[in-house]
Amino acid sequence: MPESAVPVDLPIEKRLAAAVELYGEAVVVRRCISLLAGNNEGEDFLLFVGGDHARGILDGAPVLYWPELWGTRALLYVWDDSAEEAVSAAMANQAWRVREMGARVAAARKLRQFSAVVSALLTDEVARVRATAARSLGELGTLGDVDALRQLLKDPEIDVRRGAQQGIDALRKRFPAA
C-alpha cells in the first residue's frame, strides 16, 4: 500500500479498523506483536499504528521505543489470544512507556494470569508506570493485592496515590462480599 494511502490523520481506532479491513485482524495482531519484538513491519504499518507521529521516524528521527509502544497500544483495539505473551513481555520492556502500555493492555484485555507481572510494576522507578499498574491491578488482582496497593497510598507522587486508591476501589467493587 502506498504510504500516502494510510489514513494517518484519523484516530487510532479508525486507522486500525482500516488496517484490519486491508490485512485482516490476525495479520494486524501478528504485526503488532512483531513491532513489540523490535522488528520492522514496514512503513505503511508503522503509519497505521503510529499515525502522523510515525512520519517523524520515517523522516529520520530516532526510532527509540515508539514502534514497540505503538504496537502495544494497538492491542487495545485489535486482539487475539496469540498476543498474550507479547503483552507480558511489554511489561518487562526497558522503555517505561511500553511497560505502562503493557499494563493498560493487560487490564483492558482482562489478562488475569499476568496479575503478578502487573503487581511487580508497583515498584517501578517511573511514577506513571506505578500509577497504571495500581489501576490495572484493580482489574486483574484479588483482594490479597489490597495491602500492596495500600503501600502506594503513601507514594510521593499524587498520581500514584490516586491510582492506588482507584485500584483498591476497583478490587472492593469486584469482590463486594469479601
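Every number in this text was worked out from the coordinates using simple rules, so none of it is lab data. What you are looking at is a predicted structure, and each value in this text was computed from that prediction instead of being measured. Backbone-built Cβ (ideal geometry, glycine too); neighbour counts: all protein chains shown.
Observations
- The protection proxy used here, the mean number of other Cβ atoms lying within 10 Å of each residue, ranks peptides 95-104, 71-80 as follows, highest first: 95-104, 71-80.
- Computed about its Cα centre, the charge dipole of the chain is approximately 840 debye, with only Lys, Arg, Asp and Glu carrying charge at their Cβ.
- With Cα atoms as the point set, the chain shows a radius of gyration and Dmax of 17.2, 56 Å.
- The HN-Hα couplings worked out from phi for the range 93-108 by the Karplus form 6.51 cos²θ - 1.76 cosθ + 1.60 (θ = phi - 60°) are 5, 5, 8, 4, 5, 6, 4, 4, 5, x, 5, 5, 5, 4, 5, 4 Hz, whole numbers, x standing for Gly and Pro.
- Structural descriptor for the range 84-178: relative contact order 23 percent, calculated from alpha carbon pairs under 8 angstrom and at least 6 residues apart.
- Charge context of Val27, other residues only, Cβ under 13 angstrom, K/R +1, D/E -1: -3
- Relative contact order (%) - criterion: Cα under 8 Å, at least six apart; region: the chain: 15
- Partner lysines for Lys110 [C-alpha distance under 17 Å; skip if fewer than 8 residues away on the same chain]: Lys173
- Listed peptides 83-91, 34-42 by packing density, highest first (mean Cβ within 10 Å): 83-91, 34-42
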